[in-house]
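Comments concern the structure below.
The values are calculated or read from the model by the stated rules, or taken from the named source; none is laboratory data. Note that this is a predicted model, so its numbers are computed, not measured. Glycine also receives a Cβ, built like all others from the backbone with ideal geometry; neighbour counts cover every protein chain displayed.
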Amino acid sequence: MMNAIPEATDELLLHLAEEAAEIIHAILKFRRFGPDGRDPRFEGVPSDRDAIAFEFGQFLAVQECLDALDEELISDDWVQRGRRSKLDKLRRYLRHSTLTVSETEGVSLCPKF
């Protein structure tokens, strides 16, 4: 039997999912229209590059609220495990990047030849 999710947690999880979708949407617009693309129907809208950063910030804000509500919901241990796992995969499989990925050294830009 599943445990019931508290309403406050459930509400924030929905916000987190929405923000994840908005990050995806911003990335797809970036890929389609480029980093300086903007919706021509509106004035003062951020570039597609800035939209990714904005949506990522909103995602982090919801994560911060979830942490305040329930410190054990998003385990830092598992976040770090996921981070290390992804860095390892990126180190092995990136084909077109000029990044050097190392768990101990972090991520850095390779010198251009």
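Does ASP48 count as assigned by TED's automatic domain parsing to the domain that holds GLU7 and under 30 Å from ILE5 (Cα atoms)? Considered against the rule, which asks whether it is assigned by TED's automatic domain parsing to the domain that holds GLU7 and under 30 Å from ILE5 (Cα atoms), ASP48 comes out as no. Among the residues of the range 5-55, just one is in a helix (DSSP H, G or I) and among the hydroxyl-bearing types (Ser, Thr, Tyr), namely THR9. Screening the range 62-107 for residues that are of a type in the set (Ser, Thr, Tyr) and assigned to a helix (DSSP H, G or I) and picking the one that is surrounded by the most Cβ atoms within 10 Å (Cβ to Cβ) gives SER85.
Within the range 59-88, the residues that satisfy the criterion of being modelled with pLDDT of 90 or more and among the hydrophobic types (A, V, I, L, M, F, W, C) are PHE59, LEU60, ALA61, VAL62, CYS65, LEU66, ALA68, LEU69, LEU73, ILE74, TRP78, VAL79. Within the range 1-26, residues that are farther than 27 Å from ALA53 by Cβ and in the same structural domain as ALA53 (by TED's automatic domain parsing) reach no partner that is of a type in the set (Phe, Trp, Tyr) and part of a helix (DSSP H, G or I) with beta carbons closer than 8 Å at six or more positions or on different chains.
Only one of the numbered conditions (1) without any contact (Cβ under 8 Å) to a residue 24 or more places away in the chain; (2) assigned by TED's automatic domain parsing to the domain that holds GLU7; (3) of a type in the set (A, V, I, L, M, F, W, C); (4) more than 26 Å from PRO6 (Cα to Cα) is not met by LEU94, and that is (2).
Per the listing ALA26, ALA51, ALA8, ALA20, the residue uniquely surrounded by 12 or more Cβ atoms within 10 Å (Cβ to Cβ) and over 18 Å from the mean Cα position of the chain (by Cα) is ALA8.
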